[in-house]
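**Student:** Quick one: this structure, given as C-alpha coordinates, is what I'll be asking you about.
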Amino acid sequence: LVPLVYGPPIESEEGLAILQRYWDQVRSQIASLESKLGELCHIYHESLTEGGPEGLKFLENVDQRSFSFVETKCQSGATLEATEDRETLLETLDLQRCLMVPLSSEKVAITLHEWLTESNRSRYEKIGAQIDATLGENEVGLLMISERHQVQFAQDIEVFYVAPPALDALKRWFDE
(Lines give C-alpha, C1' and ligand atoms only; values in the text may rest on other atoms or scores of the structure.)
Protein backbone atom coordinates (compact mmCIF):
# COMPACT_ATOMS: atom_id res chain seq x y z
CA LEU A 1 0.00 0.00 0.00
CA VAL A 2 1.45 3.32 -1.10
CA PRO A 3 -0.19 6.48 0.21
CA LEU A 4 -1.02 8.93 -2.53
CA VAL A 5 -0.24 12.52 -1.71
CA TYR A 6 -2.77 15.04 -2.94
CA GLY A 7 -2.54 18.76 -2.54
CA PRO A 8 -2.28 22.00 -4.39
CA PRO A 9 0.13 22.19 -7.31
CA ILE A 10 3.62 22.66 -5.98
CA GLU A 11 5.48 25.57 -7.50
CA SER A 12 8.09 25.88 -4.77
CA GLU A 13 11.47 24.34 -5.54
CA GLU A 14 11.65 23.01 -1.98
CA GLY A 15 8.21 21.38 -2.26
CA LEU A 16 9.02 19.86 -5.63
CA ALA A 17 12.30 18.48 -4.28
CA ILE A 18 10.53 16.84 -1.32
CA LEU A 19 7.84 15.39 -3.62
CA GLN A 20 10.50 14.01 -5.97
CA ARG A 21 12.35 12.51 -3.01
CA TYR A 22 9.07 10.91 -1.89
CA TRP A 23 8.56 9.19 -5.26
CA ASP A 24 12.23 8.15 -5.43
CA GLN A 25 11.90 6.57 -1.99
CA VAL A 26 8.62 4.88 -2.97
CA ARG A 27 10.37 3.33 -5.99
CA SER A 28 13.24 2.16 -3.82
CA GLN A 29 11.00 0.64 -1.13
CA ILE A 30 8.80 -1.10 -3.72
CA ALA A 31 11.91 -2.53 -5.41
CA SER A 32 13.10 -3.83 -2.04
CA LEU A 33 9.74 -5.46 -1.35
CA GLU A 34 9.65 -6.98 -4.85
CA SER A 35 13.08 -8.53 -4.30
CA LYS A 36 11.65 -10.33 -1.24
CA LEU A 37 8.06 -11.01 -2.30
CA GLY A 38 8.24 -11.24 -6.08
CA GLU A 39 7.35 -8.93 -8.95
CA LEU A 40 4.14 -6.92 -8.93
CA CYS A 41 1.29 -8.69 -10.70
CA HIS A 42 -1.52 -6.18 -10.16
CA ILE A 43 -1.67 -2.44 -9.56
CA TYR A 44 -4.72 -0.77 -8.04
CA HIS A 45 -4.92 3.03 -8.06
CA GLU A 46 -7.82 4.86 -6.48
CA SER A 47 -10.15 6.68 -8.86
CA LEU A 48 -9.63 4.20 -11.71
CA THR A 49 -12.88 2.89 -13.12
CA GLU A 50 -11.03 1.23 -16.02
CA GLY A 51 -7.86 -0.79 -16.07
CA GLY A 52 -5.29 -1.49 -18.75
CA PRO A 53 -4.41 1.13 -21.37
CA GLU A 54 -7.56 3.19 -20.66
CA GLY A 55 -6.72 3.43 -16.98
CA LEU A 56 -3.12 4.33 -17.78
CA LYS A 57 -4.27 7.10 -20.11
CA PHE A 58 -6.56 8.47 -17.38
CA LEU A 59 -3.66 8.44 -14.90
CA GLU A 60 -1.45 10.27 -17.38
CA ASN A 61 -3.99 13.11 -17.45
CA VAL A 62 -4.64 13.38 -13.71
CA ASP A 63 -1.52 12.32 -11.80
CA GLN A 64 1.80 12.49 -13.64
CA ARG A 65 3.85 11.33 -10.66
CA SER A 66 2.01 8.09 -10.06
CA PHE A 67 1.55 7.64 -13.83
CA SER A 68 5.29 7.38 -14.54
CA PHE A 69 5.71 4.83 -11.75
CA VAL A 70 2.68 2.76 -12.80
CA GLU A 71 3.64 2.90 -16.48
CA THR A 72 7.08 1.51 -15.68
CA LYS A 73 5.59 -1.32 -13.64
CA CYS A 74 3.07 -2.14 -16.40
CA GLN A 75 5.90 -2.29 -18.94
CA SER A 76 7.55 -4.83 -16.61
CA GLY A 77 4.46 -7.05 -16.72
CA ALA A 78 2.10 -5.78 -14.01
CA THR A 79 -1.58 -5.37 -14.86
CA LEU A 80 -3.32 -2.10 -14.07
CA GLU A 81 -6.72 -3.03 -12.68
CA ALA A 82 -9.96 -1.09 -12.55
CA THR A 83 -10.33 -0.31 -8.88
CA GLU A 84 -13.59 1.56 -8.45
CA ASP A 85 -17.23 1.43 -9.44
CA ARG A 86 -17.87 4.49 -11.62
CA GLU A 87 -21.25 5.49 -10.17
CA THR A 88 -20.10 5.15 -6.57
CA LEU A 89 -16.96 7.19 -7.25
CA LEU A 90 -18.92 9.95 -9.02
CA GLU A 91 -21.49 10.04 -6.21
CA THR A 92 -18.71 10.46 -3.63
CA LEU A 93 -17.03 13.21 -5.64
CA ASP A 94 -20.32 15.07 -6.10
CA LEU A 95 -21.06 14.87 -2.38
CA GLN A 96 -17.59 16.19 -1.55
CA ARG A 97 -18.19 19.12 -3.90
CA CYS A 98 -21.57 19.84 -2.29
CA LEU A 99 -19.96 19.95 1.13
CA MET A 100 -17.41 22.53 -0.05
CA VAL A 101 -20.23 25.06 -0.31
CA PRO A 102 -21.14 26.81 2.95
CA LEU A 103 -24.53 25.43 3.98
CA SER A 104 -27.15 27.38 5.88
CA SER A 105 -29.17 24.41 7.07
CA GLU A 106 -27.67 22.17 9.74
CA LYS A 107 -30.15 19.45 8.77
CA VAL A 108 -28.95 19.51 5.14
CA ALA A 109 -25.31 19.48 6.26
CA ILE A 110 -25.90 16.47 8.53
CA THR A 111 -27.82 14.64 5.81
CA LEU A 112 -25.07 15.27 3.24
CA HIS A 113 -22.36 14.13 5.69
CA GLU A 114 -24.30 10.94 6.43
CA TRP A 115 -24.76 10.32 2.71
CA LEU A 116 -21.04 10.93 2.07
CA THR A 117 -20.11 8.54 4.89
CA GLU A 118 -22.31 5.82 3.39
CA SER A 119 -21.01 6.51 -0.12
CA ASN A 120 -17.41 6.26 1.08
CA ARG A 121 -18.19 3.04 2.95
CA SER A 122 -19.63 1.57 -0.24
CA ARG A 123 -16.70 2.86 -2.29
CA TYR A 124 -14.06 1.30 -0.04
CA GLU A 125 -16.02 -1.93 0.23
CA LYS A 126 -16.05 -2.20 -3.57
CA ILE A 127 -12.31 -1.47 -3.78
CA GLY A 128 -11.64 -4.27 -1.29
CA ALA A 129 -13.90 -6.64 -3.22
CA GLN A 130 -12.16 -5.77 -6.51
CA ILE A 131 -8.75 -6.51 -5.00
CA ASP A 132 -10.02 -9.76 -3.55
CA ALA A 133 -11.54 -10.78 -6.90
CA THR A 134 -8.43 -10.11 -9.01
CA LEU A 135 -5.45 -10.76 -6.74
CA GLY A 136 -4.63 -14.44 -6.93
CA GLU A 137 -3.02 -16.64 -4.32
CA ASN A 138 0.70 -15.84 -3.88
CA GLU A 139 0.44 -12.83 -6.18
CA VAL A 140 1.82 -9.42 -5.28
CA GLY A 141 -0.36 -6.36 -5.72
CA LEU A 142 0.08 -2.67 -5.11
CA LEU A 143 -2.68 -0.34 -3.91
CA MET A 144 -2.10 3.39 -4.34
CA ILE A 145 -4.68 5.28 -2.30
CA SER A 146 -5.08 8.24 0.03
CA GLU A 147 -3.98 7.66 3.59
CA ARG A 148 -7.46 8.12 5.05
CA HIS A 149 -8.89 5.19 3.11
CA GLN A 150 -11.05 2.64 4.87
CA VAL A 151 -10.46 -0.37 2.63
CA GLN A 152 -10.77 -3.64 4.53
CA PHE A 153 -8.60 -6.38 3.09
CA ALA A 154 -9.43 -10.07 3.00
CA GLN A 155 -7.82 -12.05 5.83
CA ASP A 156 -5.49 -13.88 3.48
CA ILE A 157 -3.94 -10.62 2.20
CA GLU A 158 -0.84 -9.37 3.97
CA VAL A 159 -0.44 -5.61 3.68
CA PHE A 160 2.92 -3.83 3.70
CA TYR A 161 2.59 -0.09 4.22
CA VAL A 162 5.15 1.90 2.24
CA ALA A 163 5.91 5.08 4.17
CA PRO A 164 9.19 6.60 3.06
CA PRO A 165 10.78 9.28 5.28
CA ALA A 166 9.94 11.94 2.69
CA LEU A 167 6.22 11.34 3.37
CA ASP A 168 6.54 12.97 6.79
CA ALA A 169 8.71 15.76 5.35
CA LEU A 170 6.09 16.39 2.67
CA LYS A 171 3.26 16.55 5.24
CA ARG A 172 5.24 19.03 7.34
CA TRP A 173 5.99 21.13 4.25
CA PHE A 174 2.28 21.25 3.27
CA ASP A 175 1.32 22.20 6.85
CA GLU A 176 3.80 25.07 6.86
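The values are calculated or read from the model by the stated rules, or taken from the named source; none is laboratory data. Note that this is a predicted model, so its numbers are computed, not measured. All Cβ positions, even for glycine, are placed from backbone atoms using ideal geometry, and neighbour counts span all protein chains on display. The area values use the complete protein model at the heavy-atom level, side chains included, leaving out ligands, DNA and RNA. Shrake-Rupley method; radii C 1.70, N 1.55, O 1.52, S 1.80 Å.
**Student:** Could you please let me know if Met100 is under 27 Å from Ser12 (Cβ atoms) and open to solvent by less than 70 Å² (accessible area, probe 1.4 Å)?
**Tutor:** It is false that Met100 is under 27 Å from Ser12 (Cβ atoms) and open to solvent by less than 70 Å² (accessible area, probe 1.4 Å).
**Student:** Give just the number: which of (1) under 18 Å from the mean Cα position of the chain (by Cα); (2) in contact (Cβ under 8 Å) with a residue 24 or more places away in the chain does Leu116 not satisfy?
**Tutor:** It is condition (1) that Leu116 fails.
**Student:** Could you grab me the full set of residues in the stretch 119-137 that are more than 18 Å from Leu48 (Cβ to Cβ) and in contact (Cβ under 8 Å) with a residue 60 or more places away in the chain?
**Tutor:** Of everything in the stretch 119-137, just one residue is more than 18 Å from Leu48 (Cβ to Cβ) and in contact (Cβ under 8 Å) with a residue 60 or more places away in the chain, namely Gly136.
**Student:** Regarding Gln25, is this residue open to solvent by 50 Å² or more (accessible area, probe 1.4 Å) and within 19 Å of the chain's Cα centre (by Cα)?
**Tutor:** no
**Student:** Mind listing whichever residues of the stretch 74-92 are out of contact with any helix residue (DSSP H, G or I) (no Cβ under 8 Å at 6 or more places or on another chain) and either exposed (fewer than 13 other Cβ atoms within 10 Å of the Cβ) or of a type in the set (D, E, K, R) (or both)?
**Tutor:** Result: Gln75, Ser76, Gly77, Arg86, Glu87.
**Student:** While we're on this one: Across the stretch 119-168, what is the number of residues that are of a type outside the set (Lys, Arg) and over 15 Å from the mean Cα position of the chain (by Cα)?
**Tutor:** Going through the stretch 119-168 one residue at a time, the tally reaches 21.
**Student:** Ok, one more. Quick one: how many residues across the stretch 48-69 are farther than 13 Å from Leu19 by Cβ and either touching a residue at least 24 places away in the same chain (Cβ under 8 Å) or surrounded by 16 or more Cβ atoms within 10 Å (Cβ to Cβ) (or both)?
**Tutor:** 10
**Student:** Does the stretch 11-53 hold any residues that are among the hydroxyl-bearing types (Ser, Thr, Tyr), modelled with pLDDT of 95 or more and farther than 25 Å from Gln130 by Cβ, and which are they?
**Tutor:** Ser28, Ser32, Ser35
**Student:** Does Pro8 satisfy the condition of being at pLDDT below 95 and out of contact with any Asp or Glu (no Cβ under 8 Å at 6 or more places or on another chain)?
**Tutor:** Against the criterion (at pLDDT below 95 and out of contact with any Asp or Glu (no Cβ under 8 Å at 6 or more places or on another chain)), Pro8 qualifies.
**Student:** On the basis of being surrounded by 17 or more Cβ atoms within 10 Å (Cβ to Cβ) and not acidic (Asp, Glu), does His149 make the cut?
**Tutor:** Against the criterion (surrounded by 17 or more Cβ atoms within 10 Å (Cβ to Cβ) and not acidic (Asp, Glu)), His149 qualifies.
**Student:** Report yes if some residue within the stretch 104-123 is within 23 Å of Val5 (Cα to Cα) and open to solvent by 80 Å² or more (accessible area, probe 1.4 Å); otherwise report no.
**Tutor:** Looking for residues that are within 23 Å of Val5 (Cα to Cα) and open to solvent by 80 Å² or more (accessible area, probe 1.4 Å), one finds at least one in the stretch 104-123, hence yes.
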